[in-house]
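Take a look at the structure below.
The values are calculated or read from the model by the stated rules, or taken from the named source; none is laboratory data. Bear in mind the structure is a predicted one, so any value in this text is a computation, not a measurement. Here the Cβ positions follow ideal geometry from the backbone for every residue, glycine too, while neighbour counts run over all protein chains shown.
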Amino acid sequence: MGEVRYTIQDRDQLPDSLHWLTRDERARYDGFRFDKRRRDWLSGRWAAKIALLEISGLPERDIDRFEIASAPSGAPLPKLDGRPYRARISLSHSNDRAFCTVSRETTALGCDIELVEPRSEVFVETYFTESEREHVERTSPLLRDSLVTKIWSAKESTLKALRTGLQADTRSVEVIDDGDCAGGGWGIARTVVADAREFNCLWRLDGQFVLSIVTSDPVKIPIPGH
């Protein structure tokens, strides 16, 4: 079984300066036109570097040695001192909160954070499979928003693990909630892709947010960072 670590960072945890960005990262940051895009990107990079420091054992003063580059698909690629670093990472952000997962294993990895909020019937009809829609219909109205958010988050995490993102049809991924518990507040689900590949999903409520982590291999309960 593999090991996954994660960290959650709020925007107010960001340093006042940008000294921790590499030259290429600073150039990319300066190239964003909109402030929200800058904030989200910056929060994600900070969370990723904090997570990488923890698995590497390096002190925080070395944070600028890490760089989060991007693959052609847009997936994050970690580097240390300009060279590829052997780790899988996945990033997500929602409402000024960034979520990052990291693993030393070769498992495919995807994560997502979503604010629990009402989503319309049209949303469910458009993005969910028939089986998922039936699951939502059977759920108590008091739990509907949470369930819809969990399913949506698991889909996003799976598409990140596949390195396709939302370019793919979300209905190509079906979320199966077996109702099992992994411990530590994490529930267990499965996601099945149209080509019959199956992924493991862990999800939990964190205040008003849903966290989800998808891997191709079984993993232990995720280890929280600072």
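A few points about this structure:
Here is a yes/no grid of residues against (1) touching a Leu at 6+ places or on another chain (Cβ under 9 Å); (2) surrounded by fewer than 20 Cβ atoms within 10 Å (Cβ to Cβ); (3) at pLDDT below 95:
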residue	(1), (2), (3)
Gly74	no, yes, yes
Lys79	no, yes, no
Ser90	yes, no, no
Asn95	yes, yes, yes
Cys100	yes, no, no
Ser103	yes, no, yes
Thr106	no, yes, yes
Asp112	yes, no, no
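- Residues that are assigned to a strand (DSSP E or B) and touching a Lys or Arg at 6+ places or on another chain (Cβ under 6 Å) within segment 93-108 comprise Val102, Ser103, listed in sequence order.
- Cβ separations smaller than 8 Å between residues 6+ apart or across chains give the following pairs from segment 175-195 residues that are more than 16 Å from Val4 (Cβ to Cβ) to residues that are modelled with pLDDT under 85 and surrounded by fewer than 17 Cβ atoms within 10 Å (Cβ to Cβ): Arg190/Asp178.
- In segment 146-194, residue farthest from Gly207 (Cα to Cα) [restricted to those that are surrounded by fewer than 16 Cβ atoms within 10 Å (Cβ to Cβ) and of a type in the set (Asp, Glu)]: Asp169
- For segment 156-226, the strands (runs of 3 or more DSSP E) that sit wholly inside it and include 3 or more residues that are within 18 Å of Thr107 (Cβ to Cβ) are 186-193, 198-206, 209-215.
- Any hit, segment 62-70, residues being more than 15 Å from the chain's Cα centre (by Cα) and either in a loop (DSSP other than H, G, I, E, B) or in the same structural domain as Thr191 (by TED's automatic domain parsing) (or both): no
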